[in-house]
Amino acid sequence: MTRPADDEAFVDSASQPETRGIELIDEADRHGRPRDLFFVWAAPNVSVLNFTIGATMITLGLTLWQAILVILVGCLPWIFTGIVAIAGPAAGTSGSVITRAMYGIIGNKVIVAFTGWLISAVFLALNWLASSFMGADLLARLGLTNPIVWPIVVTLVVSAITVVIAVYGHGLILRVYSWVTIFLLVVFLAVTAFILPNVDWGYRPAQPLNGVPLWASVTVGITLLASTPLSYSNSPDLARYLPKDAKPSHIVAATALGGAIPSAFFTIVGALLATGVTQAQLDAGIDVALLDMLPAWLGVLLVVGVIVNTVSLNGMTTYSSSMALQAIGIPIRRIPSAIVVGAIGTALTIYLVMSTSLLEAVNLMLQFLVIVTGPAMAVFVTDIVLRRNRYDGVELFDERRGATFWYTGGFSVAGMSAVVLGGIATALCLSTTVWVGAISTALGGVDLSVEVGMIVSAVLYAVLLRSRLGRRGLPLR
């Protein structure tokens with residue numbers, strides 16, 4: 001079992017790097033209130049990335065009011081992020097360790113390799129990409145026009161600050177994110193105020209969609225929106241310091257609302273923005289359209305806000321990813337692990353800066369992520385329900401053959417089957433610009449990937465876990 005050598009190794013202060021990784025947190029070290037999680041999740045989601053996704057709803061051919069309805073529906077999966085968070089205080093460790101109960105000691109390493117650091121690296125890149133493009137646009141207006149050098153410089157600076165946040169960890173995140181949320185709200189609400197006069201409230205596309213094409217656009221939009229909350233199966237990491245008797249309903253509400261409210265609001269603002277700009281501006285990038293629309297002083301403030309948001313979101317992502325590497329079994333402490341994850345995300349960002357546009361990168365990568373994130377989230381939520389959120393931290397760290405979560409050769413047939421077959425079902429129902437699954441093709445491009453993939457994974461997992469194959473790890477009393 002991974003435990004500290006002494007109490008000095010356990011630091012959870014805003015002023016000192018956090019040395020704790022996936023180790024169990026004793027009850028004496030627990031602190032905080034569930035409501036603190038609201039700001040932890042709100043700060044990362046007051047984001048220019050939401051503007052980009054909102055604009056996509058319009059480019060899909062939806063009317064403004066159809067886009068708003070799709071955005072509201074697409075934010076509902078934040079409830080899953082909230083449910084998963086309650087496992088953190090129950091087990092006293094990170095989500096990447098808790099999932100050993102679902103996949104087995106060895107199987108979990110395989111799953112975490114994808115849902116932990118790989119997906120986190122993708123989100124690091126997407127968010128750094130947004131700040132890189134906007135920072136480079138601002139610098140270009142100041143005469144620094146090299147389209148390769150300056151985006152890379154912005155990426156390197158932002159990624160360095162992000163890694164520092166991850167190194168200081170939970171204590172710093174908990175302390176400063178409430179202030180970050182307030183600052184970002186002021187900036188983005190000011191931006192919203194300048195956008196509103198340009199909104200075409202009666203916007204309709206030149207050729208309104210109906211029938212199957214309409215449903216195809218609606219379902220693709222929901223998939224794009226759902227991909228973000230479904231990717232946060234790491235939410236136990238930010239809740240694990242709470243006392244074990246913290247009310248689960250309060251944890252769910254603070255986490256889900258902290259993510260959903262700013263996501264829904266500013267994604268709707270992105271849709272509003274897209275109705276007031278030309279197609280040429282959308283093609284150039286929503287970041288360019290924003291800076292064109294704003295006075296110079298607010299443009300500078302927006303770029304600062306985007307960078308602050310990127311640091312807050314990616315700092316949290318890097319923090320969780322550093323523990324995911326430990327859970328995979330790599331013999332590395334959390335702080336060096338955070339630096340490694342940051343380097344991987346930086347490299348991917350630089351590649352994307354030189355090869356794609358922000359809108360293309362966001363849309364394609366978010367859609368493909370649901371092949372992994374949807375089934376993984378469904379399995380996690382189902383496991384919490386079936387176990388009634390009872391996780392024994394000591395058992396989770398028992399890696400011996402024959403231990404509770406060793407299952408069959410280190411693999412849980414129930415968990416591995418559910419996530420793999422759910423992923424296949426997701427892919428068959430997915431509709432992207434480079435891949436359309438067989439079921440989606442038969443439905444005329446309608447994308448039911450999230451819904452079908454999660455249902456298949458949840459049902460299959462529940463059935464198999466209660467069978468002889470999975471019952472060993474399930475407390476039925």
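The values are calculated or read from the model by the stated rules, or taken from the named source; none is laboratory data. Source: prediction; values computed, not measured. All Cβ positions, glycine included, derive from the backbone under ideal geometry; neighbour counts span all protein chains shown.
Below is a table of values for the structure above.
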| quantity | calculated |
| --- | --- |
| Meets criteria (of a type in the set (A, V, I, L, M, F, W, C) and out of contact with any Gly (no Cβ under 8 Å at 6 or more places or on another chain)) for PHE114 | yes |
| Qualifying residue in segment 113-131 (condition: modelled with pLDDT of 85 or more and buried (at least 24 other Cβ atoms within 10 Å of the Cβ)) | no |
| Unmet requirement for THR192, which otherwise passes all of (1) under 22 Å from the mean Cα position of the chain (by Cα); (2) surrounded by 15 or more Cβ atoms within 10 Å (Cβ to Cβ) | (1) |
| Segment 232-253, subset small (Gly, Ala, Ser) and surrounded by fewer than 24 Cβ atoms within 10 Å (Cβ to Cβ), residue farthest from THR432 (Cα to Cα) | ALA246 |
| Tally of residues being touching a Pro at 6+ places or on another chain (Cβ under 9 Å) and free of Cβ contacts under 8 Å to residues at least 40 places away in the same chain across segment 389-418 | 0 |
| Residues within segment 133-185 that are more than 21 Å from THR318 (Cα to Cα) and of a type in the set (A, V, I, L, M), tallied | 11 |
| Restricting segment 369-423 to residues that are farther than 30 Å from LEU225 by Cα, assigned to a helix (DSSP H, G or I) and not hydrophobic (A, V, I, L, M, F, W, C), the residue that is nearest to the chain's Cα centre (by Cα) | GLY393 |
| Among (1) β-branched (Val, Ile, Thr); (2) crowded, with 23+ Cβ neighbours inside 10 Å; (3) in contact with a Leu (Cβ under 7 Å, 6 or more places away or on another chain), the one test that THR162 misses | (3) |
| Residue among VAL48, VAL84, VAL11 that alone is modelled with pLDDT under 85, touching a Ser or Thr at 6+ places or on another chain (Cβ under 7 Å) and on the phi < 0 side of the Ramachandran plot | VAL11 |
| Sole residue being part of a helix (DSSP H, G or I) and closer than 17 Å to SER235 by Cα, chosen from LEU196, LEU124, LEU184 | LEU124 |
| Residue satisfying condition, being assigned to a helix (DSSP H, G or I) and touching a residue at least 60 places away in the same chain (Cβ under 8 Å), within set PRO262, PRO243 | PRO262 |
| Number of the exception - LEU184 against (1) in contact with a helix residue (DSSP H, G or I) (Cβ under 6 Å, 6 or more places away or on another chain); (2) over 26 Å from THR349 (Cα atoms) | (2) |
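Okay, residues lined up against (1) under 17 Å from ILE222 (Cα atoms); (2) at pLDDT 95 or above; (3) out of contact with any Gly (no Cβ under 8 Å at 6 or more places or on another chain):
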residue: LEU421; (1), (2), (3): no, yes, yes
residue: ILE424; (1), (2), (3): no, yes, yes
residue: LEU430; (1), (2), (3): yes, no, no
residue: THR441; (1), (2), (3): no, yes, yes
residue: VAL452; (1), (2), (3): yes, yes, yes
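Let's see how each residue does on (1) among the aliphatic types (A, V, I, L, M); (2) more than 17 Å from SER120 (Cα to Cα); (3) part of a loop (DSSP other than H, G, I, E, B); (4) in contact with a strand residue (DSSP E or B) (Cβ under 8 Å, 6 or more places away or on another chain):
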site	(1), (2), (3), (4)
ASP137	no, yes, no, no
ALA140	yes, yes, no, no
GLY143	no, yes, yes, no
ASN146	no, yes, yes, no
ILE152	yes, yes, no, no
THR155	no, no, no, no
ALA160	yes, no, no, no
ILE165	yes, no, no, no
ILE173	yes, yes, no, no
